[in-house]
There are 2 protein chains.
Amino acid sequence: MANEKKLVEKITARDVDFAQWYTDVVKEAKLCDYSSVKGCLNYLPNGYALWENIKNDLDKRFKETGVENVYLPVLIPESLLQKEKDHIEGFAPEVAWVTHGGLEELEERCCIRPTSETLFCDYWQKIVKSYRDLPLVWNQWNSVLRWEKTTRPFLRSREFLWQEGHTLHATDEEARQRCEEMFKVYYDFVTEDLAIPLICGKKTESEKFAGAEDTYTIEAMMHDGKALQSGTSHYFGHSFADAFGIKYLDKENNLHSAYETSWGMSTRIIGAIIMVHGDDSGLVLPPRIAPTQVMIIPIAQHKEGVLDKASELLDTLKENSIRVKMDASEKTPGYKFSEQEMLGIPIRIEIGPKDIEQEQCVLVRRDTSEKIIVKLDEVTKKVPELLEQIQKNMYAKAKEFLDSHIYEANTMAEFKDIAANNIGFVKASWCGDEACEENIKAETNGFGSRCILENEQVADKCIYCGKDAKHKIMWGKSY
Amino acid sequence: MANEKKLVEKITARDVDFAQWYTDVVKEAKLCDYSSVKGCLNYLPNGYALWENIKNDLDKRFKETGVENVYLPVLIPESLLQKEKDHIEGFAPEVAWVTHGGLEELEERCCIRPTSETLFCDYWQKIVKSYRDLPLVWNQWNSVLRWEKTTRPFLRSREFLWQEGHTLHATDEEARQRCEEMFKVYYDFVTEDLAIPLICGKKTESEKFAGAEDTYTIEAMMHDGKALQSGTSHYFGHSFADAFGIKYLDKENNLHSAYETSWGMSTRIIGAIIMVHGDDSGLVLPPRIAPTQVMIIPIAQHKEGVLDKASELLDTLKENSIRVKMDASEKTPGYKFSEQEMLGIPIRIEIGPKDIEQEQCVLVRRDTSEKIIVKLDEVTKKVPELLEQIQKNMYAKAKEFLDSHIYEANTMAEFKDIAANNIGFVKASWCGDEACEENIKAETNGFGSRCILENEQVADKCIYCGKDAKHKIMWGKSY
């Protein structure tokens, strides 16, 4: 039992130092690690397996809406990056430049893609001629690079993994629909598969993506009350199409501008999973994306028949499409329990000589620590039910946390008081003026606008200047 | 029917100009296209879908042998690339260099990875302490960049997609076993899933990977008789481990060098699929990796009941896990037939009013053009059978082509005669001297050594110098 404590002791308690707890969990669960390349991560097997499951589930949802996957180059010539004014302003300061290829200096330097709108538009300009060529609904799973100064595992690193979808449409309406559809895909994926409740809506002018007309965001609340922007969908109108000269002939042979969208979700979302669900024992993974859903730990495994019975159970669960493993190593059961908890595996099954005698085993839930004795012939029925129950419970718990940490402020005094004494988000009305937005953030120690809340009762006046309010905003500190 | 011809007319006949036929097929089947980034490709939906299926099948085979996926950075600091002498000599002339990050010049320039042995070893040196940490069996699916001068779609481009596996072991024996195991995985995958017969064995000294002790290769014969290196598995001994200082403590607390392997397969393999199976009508895809296995083409689709019946068939096949689509567009059936052939879809199903009357449909095989009338209630049984039959037939056809284009030479005169009058490979004995290898290549207009043939009866003397022979070699021109 000395060993058991050791693993948990390696992580700082969540409420003592949340940032340190996060770093400890990432390290001890072996999700990722810094590489020798400054600011770049090595995504290790445990972390990458999580990303693979996220990718598979999300990709399936994409394809159901007609998305096709492609792959465009890692390099962008400088002249292409410069074509859309707002875009280059947003990205130029943070890209890495390739100046030499082989032994020669390049005639034109290229950056490593920070995002690929320019490459998609450049290609579309060449291939789109007629309305028959539209829509184009493309996506790629790749890595991008942004030369960040400060980095944190999953949350901010120079290179990160993501998907970037890019679409081109004949009409404004169709493009807006696609933008909202993908926003909805993200919402459904994160709430259903990751068990993370969300706040969502459009970004304000100052928080939009470089070059976008509208940016839709999904925002999750971490256990420390801060927001993590978890996915965005952008509507560009025809700004990129115009900059790149993408035009198409309609049925009547008239030339039109095309309309564009893009949308992305990155490995940041792994940070959200950790910080929404994790606890003092480590990760807690939602069953739907957990690489291992069940860990079987044989008790007194050297005793006759124990390993046989445990292996039988392993095979039966595998046959029933459960992602299950068995730990029959020489470590003590206590150490194994601790390890399985650190890794966030949803269910642990203990099976020892006494259990076998009674034709049963013990299921232990990672989310509640509840122990459930189950007859061996009922395990294949019970495990999927329990996984679904855990998934639901994790969402409910996170939703309760989110709801109980959203405050409403009607005056700046109220807002400042909430900000000083609570963690979480604050709803407050706003006139639409960027100066007020900045002042609110400055005077509340960092509560920036997360998104515009639709269908919310808006107070009459801006909380800062007192002029007529235009929107109700969800304010919060952010990662 | 005018339209039908049009599509095929766009491609050059295979035996008139093979290189042009290849380029035409890649273009007309919309697999990939050049981007504005010199020498880099845009992988388009049809080409990328093929890569996704290859990836899924191969990844499954990897995981069955215990491989874990990871992701390491796109950048390699110059000092890391330089650590292994042979490796840097092999790659330095063809990497792209990043010299600036954001607005600043980097203290040390980084290259975009041409391959990642150095990154894996650098990280392993930090984390491997004891025999308990071994083996490490890691793989990543990524892109790499090599500054090639001349490029061809899939066969040679500056950036290409691949997987690179890297493994670290306590013993020589275990590392060699892993190297051979992955070689076997490639062999099985390519012969079983891609229906491509192979020649395989070790590379000669001059053809080995930069830094490797042994390189195993699988080589396929294209329709023009040239070889395409389709996958390689390298055994490094402890050369990289020594260069990076990777040592581990064994059970008795003695310090040892670790042993390394790496193995890779790239989007080049798509070139092999095209050039082994394609014909004058376009692509011919092996059913197991065809993104669409069956295309339903309704005949006289405006007539009552046709589309309903065709849609019913579509749903039934989908429910039976067949990757099936229906083309109910306004194009003529002839044009649709031609398009389905260009894309290499294994089976086309024609269903029209007369078929429906007789409760049947017509299955047309892409590989043989054979038409098979099948009762509608037998389609779900017949289609999977036929897909399997097509898969087998494609392999048999390619195997026959390969076998009938392998010659044996006992004298240089014979070799030169074969090389002048035939396409294909030549088996001949060799003393092991690099000078002879080079001379043979020079005097046969490019027949280089593809691999060393094991378990082959070796003639006594080297075909070039007449000294004692060491190996029987498969010689061939290559891509």
Subject >> Matching residues, segment A:413-427, being surrounded by fewer than 17 Cβ atoms within 10 Å (Cβ to Cβ) and either in contact (Cβ under 8 Å) with a residue 40 or more places away in the chain or touching a His at 6+ places or on another chain (Cβ under 6 Å) (or both) >> reply: A:Asn422, A:Ile423
**OP:** Check B:Lys309, B:Lys325 and return the single one that is part of a strand (DSSP E or B) and of a type in the set (Lys, Arg).
**Re:** B:Lys325
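Has segment A:18-35 got any residue that is in the same structural domain as A:Phe240 (by TED's automatic domain parsing), within 30 Å of A:Thr167 (Cα to Cα) and surrounded by fewer than 23 Cβ atoms within 10 Å (Cβ to Cβ)? Break it down stepwise before answering.
So the first thing to find is which residues in segment A:18-35 are in the same structural domain as A:Phe240 (by TED's automatic domain parsing), and the list is A:18-35.
Of the ones still in play, those that are also within 30 Å of A:Thr167 (Cα to Cα) are none.
No.
Looking only at residues in segment A:76-94 that are within 12 Å of chain B (Cβ to nearest Cβ) and aliphatic (A, V, I, L, M), which one is surrounded by the most Cβ atoms within 10 Å (Cβ to Cβ)?
Among residues in segment A:76-94 that are within 12 Å of chain B (Cβ to nearest Cβ) and aliphatic (A, V, I, L, M), the one surrounded by the most Cβ atoms within 10 Å (Cβ to Cβ) is A:Ile76.
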**OP:** Evaluate the following for B:Arg152: is it over 21 Å from B:Ser449 (Cβ atoms), surrounded by fewer than 23 Cβ atoms within 10 Å (Cβ to Cβ), outside the structural domain of B:His471 (by TED's automatic domain parsing) and out of contact with any helix residue (DSSP H, G or I) (no Cβ under 7 Å at 6 or more places or on another chain)?
**Re:** yes
**OP:** For segment A:46-65, indicate whether the set of residues that are of a type in the set (A, V, I, L, M) and either surrounded by fewer than 16 Cβ atoms within 10 Å (Cβ to Cβ) or assigned to a loop (DSSP other than H, G, I, E, B) (or both) is non-empty.
**Re:** no
Subject >> Yes/no for A:Trp138 being at the interface with chain B (Cβ under 10 Å from one of its Cβ atoms), in a strand (DSSP E or B) and not polar (S, T, N, Q) >> reply: yes
**OP:** Test A:Lys392 against the criterion of being in the same structural domain as A:Glu312 (by TED's automatic domain parsing) and among the basic types (Lys, Arg), and give yes or no.
**Re:** no
Original post:
Taking the stated definitions as given, is B:Ala175 touching a strand residue (DSSP E or B) at 6+ places or on another chain (Cβ under 8 Å) and under 30 Å from A:Val98 (Cβ atoms)?
Top reply: no
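For B:Glu105, state whether it is more than 9 Å from chain A (Cβ to nearest Cβ), surrounded by fewer than 23 Cβ atoms within 10 Å (Cβ to Cβ) and not in a helix (DSSP H, G or I).
In short, yes.
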Original post:
Using beta carbons and a limit of 6 Å, which pairs, at least six apart or on different chains, have the first residue in segment B:34-46 and within 27 Å of A:Lys63 (Cβ to Cβ) and facing chain A (nearest Cβ under 7 Å) and the second one of a type in the set (D, E, K, R) and buried (at least 21 other Cβ atoms within 10 Å of the Cβ)?
Top reply: B:Cys40/B:Arg158; B:Cys40/B:Glu159
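Can you tell me which residue within segment B:50-75, out of those that are among the hydrophobic types (A, V, I, L, M, F, W, C) and more than 7 Å from chain A (Cβ to nearest Cβ), is nearest to A:Glu104 (Cα to Cα)?
Initially, segment B:50-75 is screened for residues among the hydrophobic types (A, V, I, L, M, F, W, C), giving B:50-51, B:54, B:58, B:62, B:67, B:70, B:72, B:74-75.
Checking which are more than 7 Å from chain A (Cβ to nearest Cβ) leaves us with B:50-51, B:54, B:58, B:62, B:67.
Working: B:Leu50: 35, B:Trp51: 32, B:Ile54: 35, B:Leu58: 37, B:Phe62: 38, B:Val67: 38 Å.
Per the criteria, the residue is B:Trp51.
Test A:Lys331 against the stated conditions and say whether it is crowded, with 16+ Cβ neighbours inside 10 Å and over 29 Å from the mean Cα position of the chain (by Cα). Before you say what the answer is, go through the steps one by one.
Values: crowded, with 16+ Cβ neighbours inside 10 Å: no; over 29 Å from the mean Cα position of the chain (by Cα): yes.
When the stated conditions are applied, A:Lys331 does not pass them.
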**OP:** Check segment B:141-161 and report whether any residue there is part of a strand (DSSP E or B), facing chain A (nearest Cβ under 9 Å) and farther than 25 Å from A:Asp33 by Cα.
**Re:** yes
Original post:
Which condition does A:Ala243 not pass, out of (1) part of a strand (DSSP E or B); (2) at pLDDT below 95, if it passes all the others?
Top reply: (1)
Original post:
Just one of the numbered conditions (1) over 13 Å from the mean Cα position of the chain (by Cα); (2) over 20 Å from B:Cys111 (Cα atoms) is not true of B:Glu148; which one?
Top reply: (2)
Original post:
Restricting attention to segment A:342-401, which residues are hydroxyl-bearing (Ser, Thr, Tyr) and touching a residue at least 40 places away in the same chain (Cβ under 8 Å)?
Top reply: A:Thr380, A:Tyr395
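When you look at B:Leu285, is it among the aliphatic types (A, V, I, L, M) and part of a helix (DSSP H, G or I), yes or no?
On the way: among the aliphatic types (A, V, I, L, M): yes; part of a helix (DSSP H, G or I): no.
Here the answer is no, as B:Leu285 does not meet what is asked.
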Original post:
Within the set of pairs 6 or more residues apart or between chains, which connect a residue that is more than 20 Å from B:Pro135 (Cα to Cα) inside segment B:58-76 to a residue that is small (Gly, Ala, Ser) with Cβ atoms less than 8 Å apart?
Top reply: B:Pro73/A:Ser35; B:Val74/A:Ser143; B:Leu75/A:Ala96; B:Ile76/B:Ser116
**OP:** Determine if segment B:7-16 includes at least one residue that is touching a residue at least 24 places away in the same chain (Cβ under 8 Å) and touching a Lys or Arg at 6+ places or on another chain (Cβ under 8 Å).
**Re:** no
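Residues are listed down the side, and each one gets a yes or a no for (1) in contact with a Pro (Cβ under 7 Å, 6 or more places away or on another chain); (2) surrounded by 16 or more Cβ atoms within 10 Å (Cβ to Cβ); (3) closer than 19 Å to A:Pro286 by Cα:
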| site | (1), (2), (3) |
| --- | --- |
| A:Asp308 | no, no, no |
| A:Asp315 | no, no, no |
| A:Tyr335 | no, yes, no |
| A:Glu359 | no, no, no |
| A:Val364 | no, yes, yes |
| A:Leu376 | no, yes, no |
Original post:
Of the numbered conditions (1) modelled with pLDDT of 95 or more; (2) under 25 Å from the mean Cα position of the chain (by Cα); (3) buried (at least 20 other Cβ atoms within 10 Å of the Cβ); (4) closer than 28 Å to B:Glu52 by Cα, A:Ser157 satisfies every one except a single condition; which is it?
Top reply: (1)
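In segment A:205-233, how many residues are out of contact with any helix residue (DSSP H, G or I) (no Cβ under 6 Å at 6 or more places or on another chain) and in a loop (DSSP other than H, G, I, E, B)?
So in segment A:205-233, the residues out of contact with any helix residue (DSSP H, G or I) (no Cβ under 6 Å at 6 or more places or on another chain) come out as A:205, A:207-209, A:212-215, A:217, A:219, A:225-227, A:229, A:232.
Next cut, in a loop (DSSP other than H, G, I, E, B) only: A:208-209, A:212-213, A:225-226.
Counting residues in segment A:205-233 that are out of contact with any helix residue (DSSP H, G or I) (no Cβ under 6 Å at 6 or more places or on another chain) and in a loop (DSSP other than H, G, I, E, B) gives 6.
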**OP:** Go through segment B:108-135 and give me each residue that's more than 10 Å from every other protein chain (Cβ to nearest Cβ) and in a strand (DSSP E or B).
**Re:** B:Ser130
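The values are calculated or read from the model by the stated rules, or taken from the named source; none is laboratory data. Since the model is a prediction, treat every value here as computed from it, not as a measurement. As a convention, Cβ positions derive from the backbone with ideal geometry for all residues, glycine included, and neighbour counts pool all protein chains shown.
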